[in-house]
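Structure record follows, encoded as structure tokens.
The values are calculated or read from the model by the stated rules, or taken from the named source; none is laboratory data. The structure displayed is predicted, hence computed values, not measured ones. Virtual Cβ from ideal backbone geometry, glycine too; neighbours counted across all protein chains shown. For accessibility, only protein heavy atoms count, side chains too; no ligands or nucleic acids. Shrake-Rupley method; radii C 1.70, N 1.55, O 1.52, S 1.80 Å.
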There are 2 protein chains.
Amino acid sequence: MTLTKKPVNGMKDILPDEMALRSYVIGLIQDTYRTFGFSQIETPVVEHIENLLSKQGGENEQLIFKILKRGQKLDLSKPTTEDAVTDSGLRYDLTLPLSRYYSNHANELPAPFKALQIGSVFRADRPQRGRYRQFTQCDIDILGDPSDLAEIDLILATTTVLQKLDFHNFTIRINDRRLLKAMAEKAGFAPEELSEVFIIIDKLDKIGWDGVKAELLGKYPEEKVTPYLTMFEEVGSGEVGEKAKALMDEVGSPLPEIIGSVNAVKTADFTMKYDPTLVRGMSYYTGPIFEIAMDEYGGSVGGGGRYDEMIGKFTGQKTPAVGFSIGFERIIMLLMERGFVVPGASDKIAFMVEKNMPADKLASIYAEAMQLRAEGKTVDISQMKKNKKFQKQQLTDLGYTDIREFFNR
Amino acid sequence: MTLTKKPVNGMKDILPDEMALRSYVIGLIQDTYRTFGFSQIETPVVEHIENLLSKQGGENEQLIFKILKRGQKLDLSKPTTEDAVTDSGLRYDLTLPLSRYYSNHANELPAPFKALQIGSVFRADRPQRGRYRQFTQCDIDILGDPSDLAEIDLILATTTVLQKLDFHNFTIRINDRRLLKAMAEKAGFAPEELSEVFIIIDKLDKIGWDGVKAELLGKYPEEKVTPYLTMFEEVGSGEVGEKAKALMDEVGSPLPEIIGSVNAVKTADFTMKYDPTLVRGMSYYTGPIFEIAMDEYGGSVGGGGRYDEMIGKFTGQKTPAVGFSIGFERIIMLLMERGFVVPGASDKIAFMVEKNMPADKLASIYAEAMQLRAEGKTVDISQMKKNKKFQKQQLTDLGYTDIREFFNR
């Protein structure tokens, strides 16, 4: 029998040091979001295949781990198809299961419902440094609130977490799907062309304006492309200028209110930046969209937006919804690179106990340990080894600063 | 497009009240086990199919959710088999992945290594009340310690958690695989008969001694069965009597030391009970085995034992190992039935904000909320609805005891 030692391809074993950091960050996230009134919930990691493939997930639908049917439902005795042999798969995000959850439990939940989810998601992506096929997502969502108070609170909550983790000087880029759409339509693009146009705009960070222009011109006439690109210059970015404000009023976008309110009350050290080129991949967004950008890390370390149409696909009834996903894995990576030390580690005391300790002496050793543990201290008890020096070194490496030896005499 | 609202068959959406309890219990478990020197780790929920099917899992191997291969590795165009179309599956417990983890990382881990794992496991069992196909397991394991200090510490740690959750008057049943084996062999059963004999003994709780006797006599001659059953009377149960002690000495079982030490130092309210009929299902156990029995709940609410052979199957090198799994889901169920109230809930204040609040007033409202949140209080901000009475009732149901209204004038 051969067993395999490595984790499955693209997945990861988490060692104690990283795990201590992850637990600390999760605790801090839970505590902080709790003060904003979010309630934690959980959905199964296994989801119906018809939900996963319902076109809410964009490219992620290509990356689903599908689960084989079982028992009589499974027939492999003749040529068949993936659809015929699977009825469920692993979730690729937390938003789709949340929509199902809300539609299943709307009667038992308050309105608006403020949900916190922390859980594993799965994508069969090409494995690459720092990206794994199982990873943790951490989402807050407000369901049933059509007002921009929801966006404001999501941004304040998320940035408060980042502040508590000692992140400074980052940027919240914000845009609105309705602005993106209006600009493209004004330039003459047809509705069915929009998603392709946005995919090109979304590459701006990588290919620059010249690249965007070249790609657009490769597919569309100059009469559309030139006025379109000019419009980006006109509306500007950063502060909301006059042109931008006029466009926002025209489409009913609350960006000025959101940016104004957040700037007025924020306690964390970040900048709100209107960015007309922000696209965000997911096609389900319907209103404001936002993304956290950090100098330390090229890409986005979280983002979200309003998706007022998704829940209606389950319930048949339109339900406003907006969410913000903090980039948990990237934040953990940045904290590790920065050498972040989990605060408040307790006293760690190690008891090394010689072999064959008489019962009464052993009992008194344990009694002492239990007393210290009840006081919140960490006490390790282990048998004394022949190589005491090596054993002490290992205990020291584990953070035991107080090592006590107990001898059998 | 039809989407499905219910979770997949046999799995469960967790509502906010239950989730608050689960988070609290997880926090308490983490804190308590930390004081005993355990480090938390995590393995992927997806595991190699060859590991899952390596005969460590007993019946659970029949219950694996298998994951379909992807891309060119998958060929469904001609008749095929489950083995040919899957290469991974969802873990059915935390012990097998821990063994793989330890064998993969032994060089980076201390010896002994004290691991805490809290995670989801998956079994495609027939759905039934209170049992789900995805559920949380919570295991502590000590790897690399051959001494009975490991068993003692596991029992003290687990019972300390139960005590903190206000469980009293429970029993730790303890036995040793070597005693089980010695008794059956003395009665004349052949080595290859043992596992069947133990399966019958394991049914004692359900079918009583008469049932056990009848089943044994249906398969084995009276010359074996009668002396075997007599032996159980002779060794007795509860306190370790003279006959039992002699047998323990003969096979080198440390049960007297374990029971003695735990009784001498325990701070929780429970009884250690030597039980020669305790079997525990898993075939991988090699030494002491134990189980938590609670009057409130018929079955076991946790158990574990020593499994010194498993890790060697990965590493080729024998590594002593012992674990204790607390019955997380059953404990949550018992606490919910008991109406357990999560302690230390903070002040909850709700701000109801009328529509179209001027920017400066809204900013001062948010500033006040952010201040209260920074003090650790929970503050919900939501737009005032037409039906204020209903809105207030919902906030009250959510535990908001202080509801403040802000008007747009």
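Summary table below
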item	result
Whole-angstrom gap from the stretch B:1-71 to the stretch A:108-180, using each part's C-alpha centre	23
Computed FRET value (nearest 0.05) for B:Lys377 with A:Val341, which takes r as the C-beta separation and R₀ as 35 Å	0.80
Computed [θ] at 222 nm, helices only, for chain B once each DSSP H run of length n ≥ 4 contributes -39500 (n - 2.57)	-12500 deg cm²/dmol
Amide hydrogen neighbours beyond the local backbone of A:Met272, cut-off 5 Å, H modeled	A:Ile172
Intensity falloff of the stretch A:270-409 expressed as log10 I(q)/I(0), Debye formula with alpha-carbon point scatterers, at q = 0.09, 0.15 Å⁻¹	-0.59, -0.83
Between helix B:95-105 and chain B: long-axis angle, C-alpha atoms, 0 to 90°, nearest 10	90
Most mobile listed residue (B:Ala359, B:Ala106, B:Ala268) in chain B, GNM with C-alpha springs under 10 Å	B:Ala359
Candidates per trypsin sites (Lys or Arg not before Pro) in the stretch B:182-217, loop by DSSP, up to 16 other Cβ within 10 Å	B:Lys203
For B:Glu50, label point 7 Å along C-beta direction: distances to other copies, nm	3.8
Å² of accessible area per residue within the protein assembly as shown, as computed with a 1.4 Å probe and no ligands counted	43
Interface burial for A against B (accessible surface, 1.4 Å probe, total of both chains, Å², rounded to 100)	8900
Burial of 50 Å² or greater, the stretch A:33-48 residues [accessible area, probe 1.4 Å, versus chain by itself]	A:Arg34, A:Thr35, A:Gln40, A:Glu42, A:Pro44, A:Val46, A:His48
Cα shape, the protein assembly as shown, gyration tensor, a/c 1.5 rule	prolate
Cβ-based charge dipole, the stretch B:1-136, positive-most Cα from B:Val46, B:Ala124, B:Ala106	B:Ala124
Candidate aspartates and glutamates for bridging to A:Lys386, where Cα separation is under 14 Å - those fewer than 8 sequence places away on the same chain excluded	A:Glu354, A:Glu405, B:Asp145
Amide H within-cut-off set for B:Tyr92, under 5 Å, with H built and near neighbours excluded	B:Phe122
Using alpha-carbon coordinates, inclination of helix A:177-186 to the longest axis of chain A, degrees	30
In nm, spacing of pseudo-spin labels at B:Thr277 and A:Asp249 (7 Å Cα→C-beta vector)	8.4
Crossing angle, helix B:255-265 versus chain B [Cα axis fit, 0-90 degrees, rounded to tens]	40
Under-5 Å amide H pairs with A:Val8, H placed in peptide plane, nonlocal only	B:His48
Within the accessible area of the protein assembly as shown (1.4 Å probe), percent carbon and sulfur	48
Straight-distance crosslink candidates among aspartates and glutamates, where the alpha carbon sits under 16 Å from A:Lys377 and sequence neighbours closer than 8 are dropped	A:Asp347, A:Glu368, A:Asp402, B:Asp31, B:Asp153
Cβ-vector label at 7 Å, A:Gly71, separations to other copies in nm	3.5
Violating pairs (Cα-Cα greater than 27 angstrom) within the set B:Lys66/B:Lys114; A:Lys318/B:Lys12; A:Lys361/B:Lys313; B:Lys114/B:Lys245; A:Lys55/A:Lys219; A:Lys385/B:Lys114	B:Lys66/B:Lys114; A:Lys361/B:Lys313; B:Lys114/B:Lys245
Calculated P(r) tail over 19 Å for the stretch A:158-256, as whole % of Cα pairs	50
Equivalent-ellipsoid semi-axes of chain B, from the Cα gyration tensor, Å, largest first	48, 28, 21
Cα shape, the stretch B:101-183, gyration tensor, a/c 1.5 rule	rounded
GNM flexibility winner over chain A from A:Gly327, A:Gly305, A:Gly37 (Cα, springs under 10 Å)	A:Gly37
Residue list for the stretch A:177-197, given a label point 7 angstrom along the Cα-to-Cβ vector of A:Glu59 and an amide N cut-off under 16 Å	A:195-197
Gyration tensor (alpha-carbon) shape descriptor, the stretch B:214-317, a/c threshold 1.5	rounded
Cα→Cβ-extended label distance, 7 Å offset, between A:Gln393 and A:Leu229, nm	6.3
Most fluctuating residue given options B:Asp249, B:Asp125, B:Asp75, as computed from a GNM of chain B linking Cα atoms under 10 Å	B:Asp75
Label point at A:Glu108 placed 7 Å out along Cα→Cβ; residues across the stretch B:20-38 whose backbone nitrogen lies under 20 Å	B:20-26
